[in-house]
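Just below is one structure, and these are the notes that go with it.
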Amino acid sequence: MPAEYADAPGESMGDAYVSLMADAILPFVADKHGLELHPYRTAVMGSSMGGLMSLYALGQRPEVFGTAIAFSTHWPFGGNDMVNELTELLPDASSHRIWTDTGTIELDQYYPPFHKAAVEKIQARGYSEPDSLVAATYPNTGHHESYWARRVADALNWWLRAPDRDQG
């Protein structure tokens, strides 16, 4: 992997970001539109580092988020340590769902070994395809919004078809 994609120094704002979403934005939107929040109806989605953050949010706030959708999950950011630590944070597979994917070109060409390792660890935590896990590879796609836009419908349709999503 190119050196410019190795660990970047700096202060982590992950907890503040998760708190902003879970404690401010979601309650505001729910109140403004008269919605009841339920984890099985609330997903968090992102790409690249946002994919990592989506999984982190699921692990940190499983009472808020029932699904994490992560496109081109940027596992190489922390390498195997990231895979190990982030997958250990994941909540119970019986009530949560994960979509993680990778392309095979551009920056995504470095992802498959980490993606495979992460999927194995996620499956070891009880997540199984296709009900609580999708671990997709999109050949000849890379690390760009145009590629993610072509597969967002796949992820959203999978989430929207969750067996218990329409409760409440």
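Output yes when any residue across the stretch 59-78 is more than 25 Å from ARG151 (Cα to Cα), outside any strand (DSSP E or B), of a type in the set (S, T, N, Q) and over 13 Å from the mean Cα position of the chain (by Cα), and no when none is. No: zero hits. Only residues that are crowded, with 24+ Cβ neighbours inside 10 Å, out of contact with any strand residue (DSSP E or B) (no Cβ under 7 Å at 6 or more places or on another chain) and among the polar types (S, T, N, Q) were counted in the stretch 53-79, giving 0. Checking the condition in contact with an Asp or Glu (Cβ under 8 Å, 6 or more places away or on another chain) and under 23 Å from ALA162 (Cα atoms), which residue from THR67, THR102, THR87, THR42 passes? The unique qualifying residue is THR102.
Scanning the stretch 14-23 for residues that are assigned to a loop (DSSP other than H, G, I, E, B) and either surrounded by fewer than 23 Cβ atoms within 10 Å (Cβ to Cβ) or in contact with a helix residue (DSSP H, G or I) (Cβ under 9 Å, 6 or more places away or on another chain) (or both) turns up nothing. From the list LEU86, LEU133, LEU90, the lone residue that is touching a strand residue (DSSP E or B) at 6+ places or on another chain (Cβ under 8 Å) and either of a type in the set (D, E, K, R) or closer than 21 Å to SER12 by Cβ (or both) is LEU90. Test ARG150 against the stated conditions and say whether it is of a type outside the set (Val, Ile, Thr), within 26 Å of THR42 (Cα to Cα), surrounded by 13 or more Cβ atoms within 10 Å (Cβ to Cβ) and in contact with a Ser or Thr (Cβ under 8 Å, 6 or more places away or on another chain). Against the criterion (of a type outside the set (Val, Ile, Thr), within 26 Å of THR42 (Cα to Cα), surrounded by 13 or more Cβ atoms within 10 Å (Cβ to Cβ) and in contact with a Ser or Thr (Cβ under 8 Å, 6 or more places away or on another chain)), ARG150 does not qualify.
Every number in this text was worked out from the coordinates using simple rules, so none of it is lab data. Everything numeric in this text was worked out from a predicted model, so none of it was measured. Neighbour counts are summed over all protein chains in view; Cβ atoms, including those assigned to glycine, are modelled from backbone coordinates with ideal geometry.
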